[in-house]
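Participant: First, the structure itself, so that you have it in front of you.
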Amino acid sequence: MKTAILGMKKSALFFLLFIAYFGAKAQQARVIADKIVGIVGDKIVLRSDIVNYIDDMKRQERPVPPNAECYLLEQMMADKALILQAEKDSLPVSDEEVEAELDQRIRYFVQEYGGKEAFEQIAGRTVYQVKEDFRKSIKEGRLAQAMRAHIVEHVKITPTEVKNYFDKIPKDSLPFYESELVVGQIVLYPKAGRELEKFAQDELLDYKKQVEAGKTSFDNLVRLYSEDPGKAQNNGRYEMNKADKHWDPEFKNAAFRLKEGQISPIVKSKFGYHIIRMISRNGDDIVVSHILKVPQILDEDLAAAKSKLDSVRSNLISGTVGFGEAVTKYSEEELSKMTAGVIQGRGGSFVTIDELDKDLVTQLDKLKIGEFSQPIQYKDERGKTGVRIVYLQSRTEPHRENMKDDYNRIAQRAIAEKKNEVIERWFQTKLPTYYIMVDKEFMGCEGIRRQFPSLASN
């Protein structure tokens, strides 16, 4: 079985088929075909599954390889085998997991198509019906994922195996890496004074009174006064589900207490102060809009935050506290706490200069490895004013991949290859025990002939 097939993650194939279905419906061009082109045990693959997937690739302007139909059928049949064995082994996939994934995907499409009504119009079915249509395929995707994880759960790799893997790579094929850095930060957000906090609250109370008195509309006040940086894209509107965990809890709880058309009292969140209006509710799904006011930060507030971080920096330099401990104790940037303060980029903890904001790059130019910057003011990705200490943990020079500098990367690839080999051996052992059928249309596919040598052709 091809490495690309074996390396698929989290039932990606089922998700893409899910997307393909609605993409096709949106274009009113879904191919309806009930021709069975592949069977593994009692699991079938329809030709329409393959056609719709390829059509969606074209709509998304993704390259479609010449052998796409063969490749997809091989992928789908491999997943069917995994599902069969998962069912036989009674691997646990709970109804709660399936429901949660269904909800997540439905929310994606509701947002993609501009709301629940638009989504149902495009799908030609209610949200409930769509869930029922895809419940089985979502569960099967989860089973395939669970079986793949079960097969490789005990696979480990030794340093000797990593070296042997690396030694087999042709030297002229080794990747070249630009200079990469590991950068940490400790962030404080200055607190506004009481008078300015009260001023922001009074403004919101006034807005609420204006709307309730019929003097203006909530949407108009959002456009004029909300300090939400996302309002240009969504006019302050957000779709929320009760199960979502990424919302500020105070904001979320206040929103779900509202009735349709009602405006909340003032709500304090980590972003500032809000008033929230309920637009619509459908069970655990709601649509709300809000007005955000962020109390003004004065120079004296910034100075207090810098003074606190200056003391933290002194303790770091003296060794009184470790960087990770200081992040846990003092940093107010949530993501930092989950990564021990290390800024994440495309390569995980390793970042390149182009991934960092310009102010940060300027500070790094002044630091040697192991040094901490002075407390510096900056604005985060939400436009919120903060103060931070920057820590340069490491910096690599531009280089060709090697075992000394890039062991972790090489080890990740090596163990992925080892897992693929384990799964391939599993297929070689298990596939002969299942009934296999491939339609004559696909009998010329090289991968199909290689993987299923004892086909029962129709």
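Participant: Out of all the residues in the stretch 259-276, which are in a strand (DSSP E or B) and touching an Asp or Glu at 6+ places or on another chain (Cβ under 9 Å)?
Facilitator: I263, V267, K268, S269, G272, Y273, H274
Participant: Which condition does Y391 not pass, out of (1) hydroxyl-bearing (S, T, Y); (2) at pLDDT 95 or above; (3) over 30 Å from P295 (Cα atoms), if it passes all the others?
Facilitator: If we test Y391 against (1) hydroxyl-bearing (S, T, Y); (2) at pLDDT 95 or above; (3) over 30 Å from P295 (Cα atoms), just (3) comes out false.
Participant: Could you tell me which numbered condition D405 fails, if it satisfies all but one of (1) modelled with pLDDT under 90; (2) closer than 30 Å to E332 by Cα; (3) not hydrophobic (A, V, I, L, M, F, W, C)?
Facilitator: (2)
Participant: Here's a follow-up. If the requirement is being surrounded by 17 or more Cβ atoms within 10 Å (Cβ to Cβ) and either modelled with pLDDT under 95 or within 28 Å of P295 (Cα to Cα) (or both), which of these qualifies: E355, E325?
Facilitator: After applying the criteria, what remains is E355.
Participant: Just to check your reading of the model, which residue among V162, V222 is farther than 30 Å from I423 by Cβ, crowded, with 19+ Cβ neighbours inside 10 Å and touching a residue at least 24 places away in the same chain (Cβ under 8 Å)?
Facilitator: V222
Participant: Name, by its number, the condition in (1) modelled with pLDDT under 90; (2) touching an Asp or Glu at 6+ places or on another chain (Cβ under 8 Å) that does not hold for V287.
Facilitator: Of everything listed in (1) modelled with pLDDT under 90; (2) touching an Asp or Glu at 6+ places or on another chain (Cβ under 8 Å), V287 misses just condition (1).
Participant: Continuing with this model, one more query. Could you list, in sequence order, the residues of the stretch 127-149 that are within 15 Å of I415 (Cα to Cα) and not small (G, A, S)?
Facilitator: Within the stretch 127-149, R148 is the sole residue that qualifies.
Participant: Also, quick follow-up: Please identify the pairs in which a residue from the stretch 266-288 that is within 13 Å of E239 (Cα to Cα) has its Cβ atom under 9 Å from the Cβ atom of a residue that is of a type in the set (S, T, Y) and surrounded by fewer than 16 Cβ atoms within 10 Å (Cβ to Cβ), counting only partners at least 6 apart or on another chain.
Facilitator: If the second residue must be of a type in the set (S, T, Y) and surrounded by fewer than 16 Cβ atoms within 10 Å (Cβ to Cβ), the pairs left are I286/S280; V287/S280; V288/S280.
Participant: Only helices (runs of 4 or more DSSP H) wholly contained in the stretch 1-111 count here; list those with 2 or more residues that are under 20 Å from the mean Cα position of the chain (by Cα) and either at pLDDT below 75 or assigned by TED's automatic domain parsing to the domain that holds V130 (or both).
Facilitator: Filter on the stretch 1-111 gives 12-26.
Participant: Next question, about the same structure. Out of the residues in the stretch 290-302 meeting the condition of being surrounded by 13 or more Cβ atoms within 10 Å (Cβ to Cβ) and assigned to a helix (DSSP H, G or I), tell me which one is nearest to the chain's Cα centre (by Cα).
Facilitator: L302
Participant: Still on this model: Working only within the stretch 44-64, note down all residues that are touching a helix residue (DSSP H, G or I) at 6+ places or on another chain (Cβ under 7 Å) and among the charged types (D, E, K, R).
Facilitator: D49, D55, D56, R59
The values are calculated or read from the model by the stated rules, or taken from the named source; none is laboratory data. Predicted model, so just to flag it, every value in this text is computed and none were measured. Neighbour counts run over all protein chains shown; Cβ positions are idealised from the backbone, glycine included.
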